[in-house]
Every structure is written in structure tokens, then in C-alpha cells.
Amino acid sequence: MDEIRRKIDLYILSLALLFVFFIIITLNIPMCFGDGCKPVGIDYLVSSNIVSCVCFAMLVYCVIAYKRFSFDLNGATDIPFEITKIQGINYEHLTFLATYVVPLISFDFGSVRQMIVLALLLIVMGIIYIKTDLFYANPSLALLGFHIYEADGNFKNGDRDGMILICRGRLSRGEKVEYIKLDERIYYVKKVKE
């Protein structure tokens, strides 16, 4: 169950930049300068900014998901493994951003029908990304200093090839890393402090 929650968290975290763009596009704060101005009230602000409020709530969830990942990794109990071969694949972040996030900005936020289609599209994209194990291609993590690697590793119980490692900072061959297993071949890792 933790693996599925982590995958969902990573997918939602990958949309953080999209949520920021949606807030910028849809935020409606009335501006009035002069003698006849009066406060419009919280009810009016919320009702005229529903999309922005939902996106802000999702950004808060993104922060919680990120903190939960950091906490989980600090409590990793599996025996660290040594990296025997490694190659950076950071272009995956840009592929996700260019292919999925940028086109979604063009939706008409004034149309209820288009908003329903957008919500369904984000849900379907999430299901596909989780089922195909592409949830690690996360532009939000790239902005936070994370890197994606394809690597081979030497574990206590044998070697594993073709793993995807997500790490804050740089990794190199011969380093030992602690990890959380997100999937059969995808690991969230950090260097072992010596």
C-alpha cells in the first residue's frame, strides 16, 4: 500500500508546476483604488477563485508529499547497496514537462465542461503514469535539485540491473546508497554518510 501511495504522491508532485501555472492564469482578485472602494469579502474571493483555491490546496498536498518522502528515506531500514554502473537520464523531466504539462495550460478555465475534461485527463494521465512506471519523470523534483539515473547495483543478495534511481544530488559509480523501493526497478535513494 505504501508503494502505491508513494507513486500517487510522485505523480501529484510532478504536477506542482502545472498547479502554479493554473493559479497564475485563473487568480481573480478585484483591484480598486480610490474613494468608492470597499472590501468584497472572503466568500466572493473564494467563489470567484475556485480553480485557484483547488490548485493551492494541491500545492499544499505537494509539500506534504515531498516532506513524507524525505521522512520515509530518513527511516530507510534496508541494507544500502553499491552502485556498479550509472548513467544520468535527466532528460525525462523535460519530456514530461513538454509533452504533458505545457499543453494543459491551453484549457479554457471559464468552461465547466473543459474543466471536467481537464480533471478527467489528469486522472487518466496519473493512472497511465503509475501503471507504466513513468511517475519518476518529475519536473518538480528537477526544480528541487533531484536527478534521475539508470543504474546497476550490488545488493547483499545479488546484483540488479536497469534500476531507475531518484536522488537529490549527484551519484557516481562505487558509491553506496540507502533507498526506498518505489517499484520493482525504481528507487528513491540518498548517499550513505561515511
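The values are calculated or read from the model by the stated rules, or taken from the named source; none is laboratory data. A quick note: this is a predicted structure, and the numbers were derived from the prediction, not measured. Neighbour counts are summed over all protein chains in view; Cβ atoms, including those assigned to glycine, are modelled from backbone coordinates with ideal geometry.
Return the residues of the stretch 127-142 that are in a loop (DSSP other than H, G, I, E, B) and out of contact with any Lys or Arg (no Cβ under 6 Å at 6 or more places or on another chain); say none if nothing qualifies.
THR132, ASP133, LEU134, TYR136, ALA137, ASN138
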Any hit, the stretch 99-119, residues being modelled with pLDDT of 80 or more, among the charged types (D, E, K, R) and not in a helix (DSSP H, G or I): yes
In the stretch 149-169, residue nearest to ASP78 (Cα to Cα) [restricted to those that are at pLDDT below 90 and either within 18 Å of the chain's Cα centre (by Cα) or assigned to a loop (DSSP other than H, G, I, E, B) (or both)]: LYS156
Given (1) at pLDDT 85 or above; (2) out of contact with any strand residue (DSSP E or B) (no Cβ under 8 Å at 6 or more places or on another chain); (3) among the basic types (Lys, Arg), index of the condition LYS85 fails: (2)
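Being closer than 12 Å to GLY88 by Cα and surrounded by fewer than 20 Cβ atoms within 10 Å (Cβ to Cβ) is the filter here; which residues of the stretch 165-187 pass it? Outline the logic, then answer.
Residues of the stretch 165-187 that are closer than 12 Å to GLY88 by Cα, as a first pass: 165-167, 169-173.
Those that are closer than 12 Å to GLY88 by Cα and surrounded by fewer than 20 Cβ atoms within 10 Å (Cβ to Cβ): GLY169, ARG170, LEU171, SER172, ARG173.
Quick grid of which residues meet (1) among the small types (Gly, Ala, Ser); (2) in a loop (DSSP other than H, G, I, E, B); (3) surrounded by 14 or more Cβ atoms within 10 Å (Cβ to Cβ):
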{"residue": "PHE19", "(1), (2), (3)": "no, no, yes"}
{"residue": "ILE23", "(1), (2), (3)": "no, no, yes"}
{"residue": "ASN28", "(1), (2), (3)": "no, yes, no"}
{"residue": "MET31", "(1), (2), (3)": "no, yes, no"}
{"residue": "VAL40", "(1), (2), (3)": "no, yes, no"}
{"residue": "TYR44", "(1), (2), (3)": "no, no, no"}
{"residue": "CYS53", "(1), (2), (3)": "no, no, yes"}
{"residue": "TYR61", "(1), (2), (3)": "no, no, yes"}
{"residue": "ILE64", "(1), (2), (3)": "no, no, no"}
